[in-house]
Structures are given as structure tokens and as C-alpha cells.
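Undergrad: Questions regarding the structure given below will be posed in turn.
Laboratory data are not the source of any read-out in this text; all were calculated from the coordinates shown. Keep in mind the model is a prediction, meaning the values are calculated, not measured. Because the Cβ atoms are built from the backbone with ideal geometry, glycine has one as well, and the counts that use them run over all protein chains shown.
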Amino acid sequence: MVILELLEFKCPSCGGAVGFDSRLQKVKCPYCDTEFEMETLKAYDEALKSDRPDEMKWETQAGSQWDESEASKINAYICKSCGGEIVADENTAATNCPFCNNPVVMTGRLSGVLRPDYVIPFKLDKKAAKEGLKKHLQGKKLLPKIFKDENRIEEIKGIYVPFWLFDADAYANIRYKATKVRTWSDNDYIYTQTSYYSVWRGGSLTFERVPVDGSTKMPDDLMESIEPYDFSEAVDFQTAYLAGYLADKYDVKADESISRANERIKRSTEELFASTVTGYATVTTESSNIHLQNGTAKYALYPVWLLNTIWNNERYTFAMNGQTGKFVGDLPMDKAAYWKWLGGLTAAVGAVAYLILFLLNLL
């Protein structure tokens, strides 16, 4: 008994089954009329068979254990209002939770957590944080004018935020479907010819210290918005750097942060590779395979100033990079000013349209 292997080719343009056209001596799709050379289609089919899923694995032996002399000088507390866990030096007896502003008393000793590998010390002080807020408010036309006068900074806290830093070598193979469009006309018709291309990109990238916020209390998008940090100024961790500041204890383990690191590495790799595919009318990613090797993680503390301000009985939280001064945070909007601005914009567009119609009538 002979077993026959059935071979079916799919159209790269529409996905329909294609066949060989003896008249054209090419493969032609009966659904979208796209034509292909046989060798081109076979190469495309082989590429489909070689596709593999992403493989992104890590070794996350980050941080080290505290020694007794260090741990004895550090206090820890859990805020009973929001569950935030903070560590501070032995001289801090009472403070306010930087997340919900609940007053707390420092109780308990630090235990059961990893000692950070690195720390980037604060370079900017509380005064710089206040100035950062003032600059952030400047030039905001839809910001309520009274906000600048009536809002008050309720709390400013310098916090060392825990980050997992991921290193890895990424090997990627990405395939794109691209098109080029040519248009011409005669006295009767306008013609459009669309040519389809399969574009491959492959190569390797080295990623160093991809940061992932290790605290659930700190929104990932807020922490990523104040990046980047200059790691050349990082030093080996010493407890003395905590003096005068708070340090958020990580509650997301390194293993639990891998998906976020993979997402950032995958997005960066795909964006970089896509930037090399130029000269086409459209480019669509068809397949993306990324494999990681030598993946490791380290534990570090990065400096962040958190500012809480109150206006109209609502709390607004801002964050500033304690090393570079990059400042982010949401602001309220003056609805009356917004509608006035929108009305002015609509009126301006209407006036321009009326002027164009008037000139056309004159012609």
C-alpha cells in the first residue's frame, strides 16, 4: 500500500487554497487573483513550517540574604489601611504611609526578604521635587487656574522602589507581509497594482538591566514613565543609603515579574526589527519567534519621589525620578475651559470651510 502525502499551498495574501495555472506557468489564487512563482510559494511554505513559539526562560537568583547586623538596624511595617509594606532605618519611629497617607508607627524587624544587589542613590532632594511639580503645572491650558493656588502638597516622600533587573541575549526571527502599490490611468480607467512581498529579519540583541517594578503598590505604567535611570551611577547596596528615606519592600517575586520582562523585551525587539523594513506601502507582522539565552535577574532599589496633592477633595499622585528629575502625574481638567476651547476650534474650522466655499463660488 502506497501512502500519498497531500501538499496544499495557501495564498499569503488571502489565505485561500491556490493552484498551478498552466497558461501562466505560475501559481494563481482563484479568490484574489494574486500570482506567484512556484519557488517563491515553496519558500514561503517552508518558512511557515519552521515557525516556532517564543522561548523565554530565566535564572532568577537575585539578591542575597541580610546579615544580622544589617537587619537589626532596619524596621519594617505593614500599613493596616492599604497593606503597603515599607522598610526604613532604625531612627524612623513614626511616619505616614506614602501610598494612602495613613499615619503609622514603625514596628517589627526586617526579616524574610532579600538584600538588594544594587542601589541608585538619590541625587535630587525634596526641594527639587516641589520645583518639579511647579514645572509640571506650567503650560497646561486646560488645567483649572485655581488648582495652582488652592492645591497643596499634602505629602512628599522619598522612597527606594524595588526593581528586578533582567539581562538576556535575545535571538529573533520575524517574518513580515509587505506590499508595494503602483497606480496609473488611461482615458477610461484607473489601474492599481499591488505587489506582495515576504520579508524576513533575523538576528540577536543583548538586553541589560531591563527594569520591572517589584511592588504592586507602584503602578507599572507610572514607574516606567519616569525611566530611564542611569545605571552607571549604581553602587553596591549599603544600608546607609536608606537613612532619611523609606524603602518599599518587594511583594512581586522575580519569577512573577518574568512575564513583564518578556513583554518589554519582545516589544523592543519587534520595534527595532520592524524599523529596518522600509520602502513598502504596508508592513504586517506575520510571525515573530524570540528565544532567550543566558537570562538572569538582579535586585535593585531605585530612587523615587512621591507627591500627593489634594484639590476638590480628590487626591492626585505624582512621581519624580530621584536621579534624573523626570516628572509624571495626572492632572484635573477645567471642563468649562475645555468646552470653550472646543467651541473655538469648531468655530475656526467652520469659518475656514465657509471661506473655501465662498472662494469656490467666486470662481
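Undergrad: Over all alpha-carbon pairs in segment 230-289, figure out the percentage whose distance exceeds 20 Å.
TA: Within segment 230-289, distances greater than 20 Å cover 59 percent of Cα pairs.
Undergrad: Right, here's the next one. Of all alpha-carbon pairs in segment 157-235, indicate the percentage at a distance above 14 angstrom. Could the numbers behind the result be given before it?
TA: Numbers: 2371 of 3081 pairs.
Of the Cα pairs, 77 percent sit more than 14 Å apart.
Undergrad: Collect residues whose amide H, placed 1.01 Å from N in the peptide plane, falls under 5 Å from the amide H of Ser287; neighbours closer than 5 in sequence don't count.
TA: Those qualifying (amide H under 5 Å, at least 5 residues apart or on another chain) are Arg175.
Undergrad: What net charge do the residues around Asp213 carry, taking every other residue with its C-beta under 12 Å from that of Asp213, with Lys and Arg at +1 and Asp and Glu at -1?
TA: Values: positive: Lys217, Arg260, Arg264; negative: Asp220, Asp221, Glu224, Glu227, Asp248, Asp251, Glu256.
Here the count lands on -4.
Undergrad: Can you list residues whose amide H is under 5 Å from Gly322's amide H, if they're 5+ apart or on another chain and H is modeled 1.01 Å from N?
TA: Amide H neighbours of Gly322: Val304, Trp305.
Undergrad: Determine the alpha carbon to alpha carbon distance for each of Lys157/Lys326; Lys127/Lys157; Lys130/Lys249; Lys217/Lys249 and list only those over 21 Å. Walk me through the numbers on the way to the answer.
TA: On the way: Lys157/Lys326 16 Å; Lys127/Lys157 12 Å; Lys130/Lys249 25 Å; Lys217/Lys249 10 Å.
Beyond 21 Å: Lys130/Lys249.
Undergrad: Just to confirm a number: summing +1 for Lys and Arg and -1 for Asp and Glu over residues other than Arg260 whose beta-carbon lies under 10 angstrom from that of Arg260, what do you get? Mind dumping the intermediate values first?
TA: On the way: positive: Arg264; negative: Asp213, Asp220, Glu224, Glu256, Glu263.
Taking every Cβ under 10 Å from that of Arg260, the sum is -4.
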